[in-house]
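**Student:** Handing you this structure, nothing more for now.
Every read-out reported here was derived from the displayed coordinates using simple, explicitly stated rules and does not represent laboratory data. If you're wondering where the values come from, they're calculated on a predicted model, not measured in any experiment. Don't worry about glycine lacking a Cβ; one is built from the backbone with ideal geometry, like all the others, and counts go over all protein chains shown.
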Amino acid sequence: APILVWFRQDLRLGDNPALSDAARSGRPVVPVFVLDDDTPGDWRPGGASRWWLHHSLASLGRSLAAAGSPLVLRRGRADIVIGSLLRETGAGTVLWNRCYEPWAMERDGQMKADLRAAGVEARSFNGSLLREPMTVRTAAGEPYRVFTPFWRAVSSSPDWPEPLAAPDRLMPPETAPASDALESWGLLPTTPDWAGGLRQAWQPGEAAATARLRAFLDGAAADYADGRDRPGSDGTSRLSPHLHFGEISPRQVWAATRDAMLSGNRPEHRRHAESFLRELGWREFCYNLLYHFPKLPERPLNPRFEDFPWQPDSAALDSWRRGRTGYPIVDAGMRQLWTTGWMHNRVRMIVGSFLVKHLLLPWQEGQRWFWDTLVDADLANNAAGWQWIAGCGADAAPYFRVFNPVLQGGKFDPDGRYVRRWVPELAALPDRLIHQPWTATAETLRRAGIRLGTDYPLPCIDHKRGRDRALAAFATLRQAG
Ligand code: FAD
């Protein structure tokens with residue numbers, strides 16, 4: 001009887017434990033992907049993720065067909081769809097790699113129990129993490145809430161297996177089950193087609209993920225520890241969407257980084273490699289938080305923040321989303337996000353801080369917008385990132401430390417390269433004014449061809465006023481707490 005391999009956030013053939021297990025059995029393999037928009041509720045994939053998913057599935061489909069067994073696409077509630085595929089194909093086994101979103105864990109646990117009760121062999125594997133959250137605990141048996149000891153515990157004993165090779169042949173079932181046409185799922189935007197910038201910036205799929213890792217290790221990795229904080233240069237790997245969709249596994253990234261940078265006799269590489277692997281560690285830590293605190297995407301981890309006096313204001317939210325706050329580094333980030341589906345990590349922190357502090361808008365609003373617009377939108381990383389920046393998460397930046405967007409811009413984008421790229425209307429300003437155009441004289445603005453307030457907005461809130469208001473709001477918690 002054939003084996004069903006249920007693909008989810010593991011859209012690759014290499015280092016795919018469920019697929020390799022099925023291939024090794026020598027039995028026919030039916031690879032399937034189910035578009036389930038019901039079970040995740042509000043956390044079904046957003047617009048940019050759907051664009052990515054379309055192309056990633058197209059790529060996975062080509063690879064599986066070349067290996068011998070075409071991908072079957074079905075839509076609907078996954079438990080129902082998998083049940084009917086088992087009946088159609090006569091398969092007695094279904095294999096998958098684990099996901100850690102609360103809704104997925106609940107569904108998968110239930111499915112495993114139901115399938116086993118019905119006599120179906122249902123087994124799952126770890127394909128997405130170096131170490132799964134259930135295997136990492138403090139000496140006292142508690143989940144980690146602080147990153148550094150968490151990462152020390154995980155990275156000091158790298159006991160995960162070496163990445164698996166992609167199976168070279170998959171035996172197809174005698175009759176191929178019917179499959180939806182990918183185009184019929186409508187994952188791509190039609191009118192307006194907002195995906196032009198995404199197409200230019202990205203190539204989804206396993207081969208492209210591997211190539212991107214290679215290019216990073218041959219290039220920016222050698223300066224990562226310093227380059228990673230400069231949004232104007234390509235100093236990071238940009239692997240996040242590939243990792244989110246599982247087009248590459250963290251074990252593959254780990255092994256390739258070790259082989260390229262840690263095993264040779266290039267001691268100067270060590271600091272950069274460790275800094276990069278530490279970011280993979282943050283991904284692990286975020287998954288660890290989501291697993292142990294499943295309300296992470298909805299509720300502040302620190303309960304003192306439950307009653308934070310946010311000031312909902314749709315006009316302010318709109319100016320933030322559109323990149324029209326009047327603060328160039330904030331606006332550059334929001335426009336990079338809208339255009340390419342990605343934003344540099346340093347700038348994610350700056351725009352996040354601006355939203356929750358200067359604008360006093362709830363972090364959940366920022367998380368929502370990121371969810372819809374990021375190609376790497378990831379429940380664990382996004383929720384943990386927002387709670388961190390809002391000061392209400394585990395091991396978070398303290399709320400009272402309010403980023404000054406002008407100083408942040410000057411420090412991390414000193415030559416204004418990032419702002420000039422994404423806010424071209426300011427391009428002609430000299431470097432020392434690029435992060436604070438409102439301080440330029442009328443003559444300088446005229447020479448740079450800028451009508452402030454018309455071509456580019458004045459700051460929507462004065463920094464000092466925003467900061468004071470945020471601190472006053474925070475102080476009400478202290479009194480209460
Ligand atoms: P690199 O610097 O090359 O890092 C390598 C990999 O490590 C990344 O691909 C990513 O998988 C992981 N990583 C790096 N930084 C972090 C981090 N701070 N937290 C968790 N994992 C990290 N990342 C997402 O993947 N999805 C999200 O939805 C997301 N939302 C965020 C929201 C906010 C408010 C903040 C502050 C950060 C968020 N991040 C998110 C984390 C981080 O910004 C991105 O992972 C990173 O910018 C991706 O770029 P890169 O692949 O070039 O990273």
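**Student:** Find how much the distance from R152 to D226 grows on full extension, using 0.36 nm per residue of separation minus their present alpha carbon separation; answer in nm with one decimal. Walk me through the intermediate numbers first.
**Tutor:** On the way: separation 74, 0.36 × 74 = 26.64 nm, distance 2.16 nm.
Roughly 24.5 nm would be gained on extension.
**Student:** If R₀ is 45 angstrom, what is the calculated FRET efficiency for the pair A207 and E443, using the beta carbon separation as r and rounding to 0.05?
**Tutor:** Numbers: r = 54 Å, r/R0 = 1.19.
Computed FRET efficiency for A207 and E443: 0.25.
**Student:** Around P204, what is the net charge, scoring Lys/Arg as +1 and Asp/Glu as -1 over all other residues with Cβ under 13 Å from its Cβ? Let's see the in-between values first.
**Tutor:** Values: positive: R12, R50, R62, R199, R212, R238; negative: E206, E247, D376.
So the environment of P204 carries a net charge of +3.
**Student:** If each residue of separation counts as 0.36 nm, what is the full-extension length gain between A1 and R214 once their alpha-carbon separation is subtracted?
**Tutor:** Values: separation 213, 0.36 × 213 = 76.68 nm, distance 3.91 nm.
Result: 72.8 nm gained on full extension.
**Student:** What's the FRET efficiency of A428 with T476 using the Cβ-Cβ distance as r and R₀ = 35 Å, to the nearest 0.05? Write out the running numbers ahead of the final one.
**Tutor:** On the way: r = 44 Å, r/R0 = 1.25.
Rounded to the nearest 0.05, the efficiency is 0.20.
**Student:** Can you bin segment 3-127 into rounded, prolate or oblate? Criterion: square roots of the alpha carbon gyration tensor eigenvalues sorted a ≥ b ≥ c, rounded for a/c under 1.5, prolate for a/b above b/c, oblate for the rest.
**Tutor:** Details: a/c = 1.58, a/b = 1.07, b/c = 1.48.
Taking the square roots of the gyration eigenvalues as a ≥ b ≥ c, segment 3-127 is oblate.
**Student:** Something else now. Stretch M105-E298 to full length: gain in nm at 0.36 nm per residue minus the Cα-Cα span?
**Tutor:** On the way: separation 193, 0.36 × 193 = 69.48 nm, distance 1.69 nm.
Gain in length upon complete extension: 67.8 nm.
**Student:** Do you know the relative contact order of segment 3-127, to the nearest whole percent, from alpha carbon pairs under 8 angstrom that are 6+ apart?
**Tutor:** On the way: 172 pairs, mean separation 44.8, N = 125.
It rounds to 36 percent for segment 3-127.
**Student:** Moving on. What's the tally of Lys pairs in the chain whose alpha-carbon atoms lie under 29 angstrom apart, where the two lysines are 8 or more places apart or on different chains?
**Tutor:** Numbers: K112/K295; K295/K357; K357/K411; K357/K464; K411/K464.
Qualifying lysine pairs in the chain: 5.
**Student:** Turning to a different aspect of this structure: Can you give the FRET efficiency to the nearest 0.05 for D415 and A58, using r as the Cβ-Cβ distance and R₀ = 30 Å? Before the final figure, lay out each step's value.
**Tutor:** Values: r = 39 Å, r/R0 = 1.31.
Calculated transfer efficiency: 0.15.
**Student:** For D114, put the label point 7 Å out on the Cα→Cβ axis and report which residues of segment 51-85 keep their amide N under 16 Å from it.
**Tutor:** Under cut-off, by backbone N: 75-85.
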